[in-house]
């Protein structure tokens with residue numbers, strides 16, 4: 001499964017405050033650990049596997065000195081116009097159990113401020129390490145509350161070739177948008193999950209499949225996700241990447 005999102009940061013936020021950036025991610029990695037114990041330890045990506053395993057990202061539920069020092073040295077002297085990346089992985093070199101997180105910071109590119117979480121699966125068609133759709137939606141909620149996301153999409157990476165619009169996020173298994181939505185607006189959705197903050201709804205997670213894991217090889221699953229995308233676009237609710 002893959003999770004992709006974009007967000008905006010305050011203009012006064014220091015890109016070199018690596019402790020802040022790693023601490024902000026902590027609620028996300030904590031909920032990932034709850035869904036799968038193999039997502040409990042994270043390491044800074046290095047030149048070799050052995051080197052990477054020497055740098056834990058977190059110690060005692062706080063950003064480690066080793067991780068902060070690594071990114072500080074790597075990007076020393078580079079201003080906000082230069083792209084920076086926090087790259088971490090779960091220390092398992094496996095097509096079935098590996099996982100990685102990439103946070104894009106600064107730069108002038110379209111996806112300058114973004115998060116990509118890649119969680120390898122043994123069989124994406126029948127099982128997800130994130131659990132059922134309620135459990136997976138809980139990961140999205142943590143991301144939204146930490147980053148104030150403009151959108152979050154969750155599903156198989158291969159769905160990118162099946163989505164309706166190349167220039168907009170796809171629905172896949174589920175899509176978060178910062179709008180209060182109703183089933184009258186999106187009747188094709190199998191569920192709409194409100195995302196709350198301080199007692200107020202800040203957005204909605206739109207779910208395309210609830211009774212099983214989203215399968216990109218299932219034509220019915222694809223049709224539901226595509227139909228939701230068209231419905232949202234017709235109401236000007238599915239943003240174009242260039243407008244974010």
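None of the figures in this text is laboratory data; all of them are computed from the coordinates on show. Since we're looking at a predicted model, the values are computed, not measured. As a convention, Cβ positions derive from the backbone with ideal geometry for all residues, glycine included, and neighbour counts pool all protein chains shown.
Distance between the pseudo-spin-label points of residue 24 and residue 96 (7 Å out from Cα toward the beta carbon): 3.7 nm. Once the chain from residue 48 to residue 66 is taken as fully extended at 0.36 nm per residue, the excess over their C-alpha distance is 4.9 nm. For the chain, the longest principal axis of the C-alpha atoms and the axis of helix 219-234 are separated by about 90°. Mean residue ellipticity, 222 nm, helices only, the chain: the sum of -39500 (n - 2.57) across DSSP H runs of n ≥ 4, divided by residue count and rounded to 500, is -8000 deg cm²/dmol. Global dimensions of the chain from alpha-carbon coordinates: Rg and Dmax equal 17.9, 53 Å.
If the chain between residue 80 and residue 197 were fully stretched, how many nm would it gain, using 0.36 nm times the residue separation less the Cα-Cα distance?
Details: separation 117, 0.36 × 117 = 42.12 nm, distance 2.97 nm.
Contour length minus the Cα-Cα distance gives 39.2 nm.
Shape call for the stretch 188-227 from the C-alpha gyration tensor, a ≥ b ≥ c root eigenvalues: rounded (a/c under 1.5), prolate (a/b greater than b/c) or oblate? Walk me through the intermediate numbers first.
Values: a/c = 3.85, a/b = 2.80, b/c = 1.37.
Because a/c hits 1.5 or more and a/b exceeds b/c, the stretch 188-227 counts as prolate.
Less than 11 Å from a label point 7 Å out along the Cα-to-Cβ axis of residue 167: which backbone N atoms in the stretch 203-244 qualify, by residue? Those under the cut-off are 240-243. How much of the pair distance distribution for the stretch 149-237 lies past 23 Å, counting alpha-carbon pairs only, in percent? When every Cα pair of the stretch 149-237 is considered, 16 percent fall beyond 23 Å. Spatial offset of the stretch 126-167 relative to the stretch 1-36 amounts to 15 Å, using the alpha carbon center of each.
At a Förster distance of 35 Å, what's the computed FRET efficiency of residue 8 paired with residue 184, Cβ-Cβ distance as r, to 0.05?
Details: r = 30 Å, r/R0 = 0.85.
After rounding to 0.05, the efficiency reads 0.75.
Exposure proxy for 152, 31: other Cβ atoms within 10 Å of each Cβ, ordered fewest to most, give 31, 152.
Just so you know, the averaged projected area of the alpha carbon convex hull for the stretch 1-120 sits at 7.5 nm².
Within the stretch 149-237, DSSP assigns beta bridges of which about 95% are antiparallel (rounded to the nearest 5).
Helix 133-147 versus the longest principal axis of the chain: what is the Cα-based angle in degrees, 0 to 90, to the nearest 10? Rounded to the nearest ten degrees, it is 50. Using C-alpha pairs below 8 Å separated by at least 6 residues, the relative contact order for the chain is 20 percent.
Once you have the Cα-Cα distance between residue 230 and residue 135, take 0.36 nm times their residue separation minus that, and quote the gain in nm to one decimal. Provide the component values of the computation, followed by the final result.
Numbers: separation 95, 0.36 × 95 = 34.20 nm, distance 2.63 nm.
That works out to 31.6 nm of additional length.
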